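A.B. asks: Pasting a structure below so you can have a look.
The values are calculated or read from the model by the stated rules, or taken from the named source; none is laboratory data. None of the values given here were measured: they were computed from a predicted structure. Cβ placement follows ideal geometry from the backbone for every residue including glycine, while neighbour counts extend to all protein chains displayed. The protein model used for the area step is the full one, side chains on, heavy atoms only, and it has no ligands, DNA or RNA in it. Shrake-Rupley method; radii C 1.70, N 1.55, O 1.52, S 1.80 Å.
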There are 2 protein chains.
Amino acid sequence: MLLRYTRRRAGGSLVKTVIGVHSRTMARDIQERIKKLIIDRRLAPGAPLPTETDLMALLGVSRNSVREALKALQAMGIVEIRHGFGTYVGPMSMAPMTEGLAFRTVAGHYRGEDSLLQLLELREAVETGLIARLAGQVPAADLAELDELVARMAAEAADGAVRADTDRAFHAALYRGLDNRLLSEVLDAFWEAFHRVRTDLAGLGADPRVTHRQHADILAAVRGGDAQRAEQAVRRHFDNIRQRLRSSGPK
Amino acid sequence: MLLRYTRRRAGGSLVKTVIGVHSRTMARDIQERIKKLIIDRRLAPGAPLPTETDLMALLGVSRNSVREALKALQAMGIVEIRHGFGTYVGPMSMAPMTEGLAFRTVAGHYRGEDSLLQLLELREAVETGLIARLAGQVPAADLAELDELVARMAAEAADGAVRADTDRAFHAALYRGLDNRLLSEVLDAFWEAFHRVRTDLAGLGADPRVTHRQHADILAAVRGGDAQRAEQAVRRHFDNIRQRLRSSGPK
DNA sequence: CTAGCTCAGTTGGTTAGAGCAGCTGACTCT
DNA sequence: AGAGTCAGCTGCTCTAACCAACTGAGCTAG
């Protein structure tokens, strides 16, 4: 693959040059080969991978190259490395996405973008879009769990602040009804990225009683099968968070 | 952080051991420090980072460790490395997520899971959830672009097959109206992951005329401001893809 | 017999130094 | 001026050695 670009000479004239984009780097190749190995051998998450020494022999490259490839795969959650123990197929969770999103948001924030708000609005767009289909469709078991979580919020609100875990569990339990594990993981990743960045940058601080009441509203609407009311309740919830974000403000 | 687990002794009795989960690895530390460097210096995507040699001196670690950290950051899209030129702040796009999702899906598929279907249903859930809010709200400029894309689909359908790019551009232009760059990127990442895995595993093959007509339906409904019809049109579109998936089948 | 310790062996982590490979910018030649 | 050359950056790969974490089996004391 070739790429064309111009550069300025000393005289001031422009010259076109063709440069290779290559990227045909060893570590990159090795990554692909290890991925292929996982697929070809049908290795499940948790299954052991060859040792670094074995991989050197198997792939015919040096230890450094093997390690660089493994580090990259580790960053993607594809492998898991345990010192003194071995290398294993990773959990393939959405954790790396959370990581990437969080960093992107923090970096953007410090450069003056409203990236945190954008992340919140991503969540709002997706969750309000999904809630309507959930109204009246939530399994009884999940409703019971949601009841318990709302009760816990009430108790925690009385103590001063709703725990982050409780909020997270509520959102997780709510969308579990859509019966798509991948979707649940993605939503949870969004939640965690937002939460991490928010506590890092803006400090927390919503009125816990408002938080409790809004979750109770969402649950009631969903249980009642009223799609429109459910959507409004979710939107109000996000409005509340947004307002808190704006007031604690661009710092 | 400590983790407890059991192991079986030769004699058959069980022993509890406490092992450190550590992960207090050098490369991991360095990753954090480089991230911090990007944030502290407010470096924008494309900005140059210190050379490997500079980083060695700056962080007081060996070259290998610096490189392993950079490889990991590269895998997350946080830095971009160009051989013989330098290291730069990466685009922070959703490309790594696409990569991870695609691999996860392929690996799951070969292990007998219906991961590709799950990915499709993730897209379906999110897109059908969003489309209602779009009905009647798409800017005129986007509508014009969508018209052109549908026309192009018609032309391509006559030639035998709708190009993947065209389909992708349609979905991108459609949700652009939600005015959230992050959301657009996420949806595009889902699209690309699905498309990559699908062509790899199942081969393509939808009836191009059906594809064209369904996109035209979606556009018409959105233009007409009919939220319910728009949602149905999107759902039908995904139903079609799902059917094709099932027929080309679990192989 | 059991609980607990020790230690050799395996596996990943880190460092160092050398040489290879790609790109730039200035210099030189025509 | 335009085109080719090359010194000097930058990242890439390899080798070799040693450090650090964990396992499993054997040993010791009770």
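A.B. asks: Averaged over its residues, how many other protein chain Cβ atoms are within 10 Å of peptide A:107-113's Cβ atoms?
C.D. replies: That works out to 4 on average.
A.B. asks: Efficiency by 1/(1 + (r/R0)^6): what FRET value for residue A:141 and residue B:151, r their Cβ-Cβ distance, R0 = 56 Å, to the nearest 0.05?
C.D. replies: Result of the calculation: an efficiency of 0.70.
A.B. asks: If I require 27 Å or longer along the helix axis, counting alpha carbons, and a Kyte-Doolittle average no lower than -1.0, what helices from chain A are left? Use full DSSP H segments.
C.D. replies: Helices meeting the span and hydropathy rule in chain A are A:115-134, A:140-159, A:181-201.
A.B. asks: What is the Cα coordinate range of the protein assembly as shown on the first, second and third principal axes, sorted by size from largest, in whole angstrom?
C.D. replies: Largest to smallest, the principal-axis extents are 65, 60, 54 Å.
A.B. asks: Any chance you could run the full-extension gain for residue A:161 through residue A:39? It's 0.36 nm times the residue separation minus the Cα-Cα distance, nm to one decimal.
C.D. replies: Between residue A:161 and residue A:39, full extension yields 39.3 nm more.
A.B. asks: Lys pairs in the protein assembly as shown, Cα-Cα under 24 Å, at least 8 apart or on separate chains: how many?
C.D. replies: Lysine pairs meeting both conditions in the protein assembly as shown amount to 13.
A.B. asks: Right, next: If you count only protein heavy atoms and use a 1.4 Å probe, how large is the accessible surface of residue B:218, to the nearest 10 Å²?
C.D. replies: Taking all protein chains as shown, residue B:218 has close to 0 Å².
A.B. asks: How much net charge surrounds residue A:164 when only the other residues with a Cβ under 12 Å from the Cβ of residue A:164 are counted, with Lys and Arg +1 and Asp and Glu -1?
C.D. replies: Result for the local shell: 0.
A.B. asks: Which Cβ of chain B lies nearest the axis of the rotation superposing B onto A, and at what whole-Å distance?
C.D. replies: B:129, 1
A.B. asks: I would also like to ask the following. Using only alpha carbon pairs under 8 Å that are at least six residues apart, calculate the relative contact order of chain B and give it in whole percent.
C.D. replies: About 17 percent, as a whole number.
A.B. asks: Work out the length of the dipole vector of chain A about its Cα centre, built from +1 on the beta-carbon of each Lys and Arg and -1 on the beta-carbon of each Asp and Glu, and round it to the nearest 20 debye.
C.D. replies: With Lys and Arg at +1 and Asp and Glu at -1, about 1560 debye.
A.B. asks: Oh, and also: List the residues, sorted by chain then number, that are 5 or more residues from residue B:79 or on another chain and whose placed amide H is less than 5 Å from its amide H.
C.D. replies: B:74, B:90
A.B. asks: Mind checking which of B:158, B:69, B:202 has the largest fluctuation in a GNM of chain B, springs on alpha carbons under 10 Å?
C.D. replies: Residue with maximal mean-square fluctuation among B:158, B:69, B:202: B:158.
A.B. asks: Enter the accessible area per residue of region A:95-248 (Å², integer; probe 1.4 Å; all protein chains in place).
C.D. replies: In whole numbers, region A:95-248 has 42 Å² accessible per residue.
A.B. asks: Viscosity 1.306 mPa s, temperature 10 °C: what is the translational diffusion coefficient of chain B from Stokes-Einstein with a Kirkwood Rh over Cα pairs, rounded to a whole number of µm²/s?
C.D. replies: Translational diffusion coefficient: 73 µm²/s.
A.B. asks: Based on the alpha-carbon gyration tensor of region A:26-89 and its eigenvalue square roots a ≥ b ≥ c, which shape applies: rounded if a/c is under 1.5, prolate if not and a/b is larger than b/c, or oblate?
C.D. replies: In terms of gyration-tensor shape, rounded.
A.B. asks: Quick one: pull the percent of accessible area on region B:26-89 belonging to carbon and sulfur, 1.4 Å probe, ligands and nucleic acids left out.
C.D. replies: 51 percent
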